[in-house]
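The values are calculated or read from the model by the stated rules, or taken from the named source; none is laboratory data. As the structure is a computational prediction, the values presented were derived from the model and not from experiment. So basically every Cβ, Gly included, is an ideal-geometry build from the backbone, and we count neighbours across all protein chains shown.
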Amino acid sequence: MARKAIDLHCDTLMKIAKSGNLDENEKSHVSLKGLRDGGVALQCFADFVPTGIFPKPVRKIATAAMFNSFYKKYQKMMVYHADALFPVLKAADLDKCGVDGKIGVLLTIEDGGVLGDKIENVKKFYDKGVRLVTLTWNHANAIGYPNSYEPEIMNKGLTPFGKEVIREMEHLGMVVDVSHVSDGVFRDVAEMATKPFLASHSNSRAVCGHKRNMTDDMIRKLADKGGVMGLNLGPEFVGSVEGVTRMEDLVAQILHIRQVGGSEVLALGSDFDGIHGQLDVAGPQDWPKLEDALKAAGLSEDELDKMWYANAERVFREVL
Ligand SMILES: [Zn+2]
């Protein structure tokens, strides 16, 4: 049996059929069978709305429409697969993940711009079942600034409203996700967070120099705060060969992150259905292949248990 896993990020709601049947679209990385074969006990599904792509005059309306279209698919999926999937809404729900073959689904927002600029919206999305917010995508929003090759933007942090959002999320029991944010936003979150936070789908910048990845200093800070970072499988975030994610590059990422941040910071964050290319881990069914490669590279059973499940579970338990 495959090792029990939590995957902190996928964009599968973009690919899923209108019926909500996870197995209908063969072009999707994630199927129900794949989740089962890969041992996944909790899968995060992102409602991905890159709010910054919409021109300002229509941004509010377009954002709401896009969020709702994916939210409907999420609802359909939960109904279609009611005997296999259930929503993870509170810490006690973690006890059910992987029991009797049930898979927990944690709904996330990718791009906190969806929250607009009113603090009461955080609770509105909490009430819809959202339990994790990726603060930005690749554009600035009311919360803060995104990753950028321009140092001026990269250094900009949370806005006063962004700080309010962090406090409100911690108060309600929502997980703060710093994947995609600027180094400045990361610094501000690390400074003010009173609970663990995470980077749902980010790798090491020392191993692969993409601006989306995290410096060694950030990895250390994240670990100090009790956070985790989910391994992103996308070629541009992993390593050496364009358009290809090789197993050896994933192993190199993990060995480096472990050396810098310790094994308590490791987690999985595939980014399935948001990434493209030739992937050695091409769906949840391939998690056991990664497990074998990491075992061969020297990770212990205990470390693999932590990376696959216990570390991410620890964060969810403390926050939800
Ligand atoms: Zn992303």
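Answer yes if at least one residue in segment 142-164 is under 19 Å from residue 314 (Cα atoms), within 16 Å of the ligand (Cβ to nearest atom) and surrounded by 23 or more Cβ atoms within 10 Å (Cβ to Cβ), and no otherwise. First the steps, then the outcome.
The initial filter retains those residues of segment 142-164 that are under 19 Å from residue 314 (Cα atoms), namely none.
Scanning segment 142-164, I find no residue that is under 19 Å from residue 314 (Cα atoms), within 16 Å of the ligand (Cβ to nearest atom) and surrounded by 23 or more Cβ atoms within 10 Å (Cβ to Cβ), so the answer is no.
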Q | Of the criteria (1) within 16 Å of the ligand (Cβ to nearest atom); (2) without any contact (Cβ under 8 Å) to a residue 12 or more places away in the chain, which one residue 69 fails | A | (1)
Q) Before we move on, is residue 243 in contact with a strand residue (DSSP E or B) (Cβ under 8 Å, 6 or more places away or on another chain), within 16 Å of the ligand (Cβ to nearest atom), within 23 Å of residue 284 (Cα to Cα) and not aromatic (Phe, Trp, Tyr)? A) no
Q | Residue among 300, 270 that alone is of a type in the set (Ser, Thr, Tyr) and over 18 Å from the mean Cα position of the chain (by Cα) | A | 300
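Does residue 75 count as of a type outside the set (Phe, Trp, Tyr) and surrounded by 23 or more Cβ atoms within 10 Å (Cβ to Cβ)?
no
Would you call residue 106 within 16 Å of the ligand (Cβ to nearest atom) and under 20 Å from residue 271 (Cβ atoms)?
Considered against the rule, which asks whether it is within 16 Å of the ligand (Cβ to nearest atom) and under 20 Å from residue 271 (Cβ atoms), residue 106 comes out as yes.
Please specify each residue of segment 13-41 satisfying the condition of being within 16 Å of the ligand (Cβ to nearest atom) and touching a Ser or Thr at 6+ places or on another chain (Cβ under 6 Å).
Matches in segment 13-41: 15, 30.
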Q. Of the residues that make up segment 87-108, is at least one among the basic types (Lys, Arg), crowded, with 22+ Cβ neighbours inside 10 Å and modelled with pLDDT of 95 or more?
A. no
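Kindly indicate which of 316, 272 is touching a Gly at 6+ places or on another chain (Cβ under 7 Å) and in contact (Cβ under 8 Å) with a residue 60 or more places away in the chain. Before the answer, list the steps.
On the way: 316 fails: touching a Gly at 6+ places or on another chain (Cβ under 7 Å).
Exactly one residue qualifies, and that residue is 272.
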Q: From 182, 200, grab the single residue that is buried (at least 24 other Cβ atoms within 10 Å of the Cβ), within 15 Å of the ligand (Cβ to nearest atom) and farther than 22 Å from residue 106 by Cβ.
A: 182
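Yes or no: residue 61 without any contact (Cβ under 8 Å) to a residue 24 or more places away in the chain, surrounded by fewer than 18 Cβ atoms within 10 Å (Cβ to Cβ), hydrophobic (A, V, I, L, M, F, W, C) and farther than 22 Å from residue 131 by Cα?
Values: without any contact (Cβ under 8 Å) to a residue 24 or more places away in the chain: yes; surrounded by fewer than 18 Cβ atoms within 10 Å (Cβ to Cβ): yes; hydrophobic (A, V, I, L, M, F, W, C): yes; farther than 22 Å from residue 131 by Cα: yes.
In short, yes.
Given the options 255, 266, name the one that is at pLDDT 95 or above, over 23 Å from residue 177 (Cβ atoms) and hydrophobic (A, V, I, L, M, F, W, C).
Working: 266 fails: over 23 Å from residue 177 (Cβ atoms).
So the residue among 255, 266 that is at pLDDT 95 or above, over 23 Å from residue 177 (Cβ atoms) and hydrophobic (A, V, I, L, M, F, W, C) is 255.
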**Q.** Test: residue 250 is under 18 Å from the mean Cα position of the chain (by Cα), farther than 29 Å from residue 168 by Cα, more than 15 Å from the ligand (Cβ to nearest atom) and buried (at least 20 other Cβ atoms within 10 Å of the Cβ)
**A.** yes
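Is it the case, given these coordinates, that residue 63 is within 16 Å of the ligand (Cβ to nearest atom) and of a type in the set (Val, Ile, Thr)?
It is false that residue 63 is within 16 Å of the ligand (Cβ to nearest atom) and of a type in the set (Val, Ile, Thr).
Quick check on this structure: which one of 280, 273 is within 16 Å of the ligand (Cβ to nearest atom) and either touching a helix residue (DSSP H, G or I) at 6+ places or on another chain (Cβ under 7 Å) or hydrophobic (A, V, I, L, M, F, W, C) (or both)? So that I can check it myself, show each step before the final result.
Numbers: 280 fails: within 16 Å of the ligand (Cβ to nearest atom).
Within the list 280, 273, the selection yields 273.
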